[in-house]
1. Please sort by residue number the trypsin sites (Lys or Arg not before Pro) in the range 53-143 whose DSSP state is loop and whose Cβ has at most 12 other Cβ atoms within 10 Å.
2. Are there any helices in the chain, counted as whole DSSP H runs, that stretch 18 Å or more along their axis by Cα and score at least -0.5 on average by Kyte-Doolittle, and if so which?
3. Considering only protein heavy atoms, what per residue accessible area in square angstrom results for the chain with a 1.4 angstrom probe?
4. What percent do you get for the relative contact order of the chain when only Cα pairs under 8 Å and 6+ apart count?
5. Let me know the charge dipole size of the range 97-143 about its Cα centre in debye, to the nearest 20, where only the beta-carbon of Lys, Arg (+1) and Asp, Glu (-1) is charged.
6. Roll a 1.4 angstrom probe over the protein heavy atoms and tell me the percent of accessible area of the chain that is carbon or sulfur.
7. When the chain is treated as a GNM, springs tying every alpha-carbon pair under 10 Å, which of Leu77, Leu108, Leu23 comes out with the largest mean-square fluctuation?
8. Rounded if a/c is under 1.5, else prolate if a/b is larger than b/c, else oblate: which is the chain, with a ≥ b ≥ c the root eigenvalues of its Cα gyration tensor?
Amino acid sequence: MDNASPHRRFFAHAVRIEHIVHLDAALCDDMFFGALRDLISQDLHEMLEVLSEGGLRFKRLSQIACFDELEQWLARLAWKLELGFLVKARQPYFIVDGKGCFGYSWELSRARWFFRRDYASAVNAVHEWAAHNHAEAHARLQA
C-alpha cells in the first residue's frame, strides 16, 4: 500500500466514489428507503458476493434468493453486530492505442461495490481494485 493521501490515490488511479452506505445507519428502521433501496436492490447478486468477500461469511447469506430476504437478514444482523460500509466506486476503462498513448474516457467505465466492516478498509479495497486496473492498462501499453 502506498503512503499517498487517499484523495491523491483516487486521482492517480482515476477512480471516484459514487455511493457510501453505512449499513448500520441505513437500517436504523430495519429497512432501506427510497433511492437507496432501489440502488441496492438492482445489484443483488453483486451485493451477496461483496458482503461475503468483505467479512460477512454466514451460511444464510448464500441462501438468500431476493432483495427482501437480504434486507430482512441484514436488519436482524444489525441488531446483533456492527455491519460496516458499502462503497460503490467507478473507474473508466483505460484506452491504450498502438502508438503508445494512454488515456481514458468516462463514456466507458466499470463500477463495483465493496463492503468492509470499517470505512478505511473499504476505501483501501477500492484503491487496490483501481490500482490493479491501472497497472493492467499500463502492462498493455508496454506489450
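1. Details: sites: Arg57, Lys59, Arg60, Arg76, Lys80, Lys88, Arg90, Lys99, Arg110, Arg112, Arg116, Arg117, Arg140; in loops: Arg57, Lys80, Lys99, Arg117.
Here the trypsin sites (Lys or Arg not before Pro) that fit, given the DSSP loop and packing criteria, are Arg57, Lys80, Lys99.
2. Details: long enough: 119-142 (35 Å, -0.47).
Qualifying helices: 119-142.
3. Numbers: 8300 Å² over 143 residues.
So the chain comes to 58 Å² accessible per residue, rounded to a whole number.
4. The value is 30 percent.
5. Details: 6 positive and 5 negative charges, 20 e Å.
In debye, rounded to 20, the range 97-143 gives about 100.
6. Details: 4420 of 8300 Å².
C and S atoms contribute 53 percent here.
7. Evaluated over the chain, the most mobile residue of the options is Leu108.
8. On the way: a/c = 2.46, a/b = 2.12, b/c = 1.16.
Prolate.
The values are calculated or read from the model by the stated rules, or taken from the named source; none is laboratory data. Every value quoted in this text rests on a predicted model; they were computed, and no experiment measured them. Reconstructed Cβ throughout: ideal geometry from the backbone, glycine too, with neighbour counts over all protein chains shown. These area figures cover heavy atoms from the full protein model, side chains too; ligands, DNA and RNA do not enter into them. Shrake-Rupley method; radii C 1.70, N 1.55, O 1.52, S 1.80 Å.
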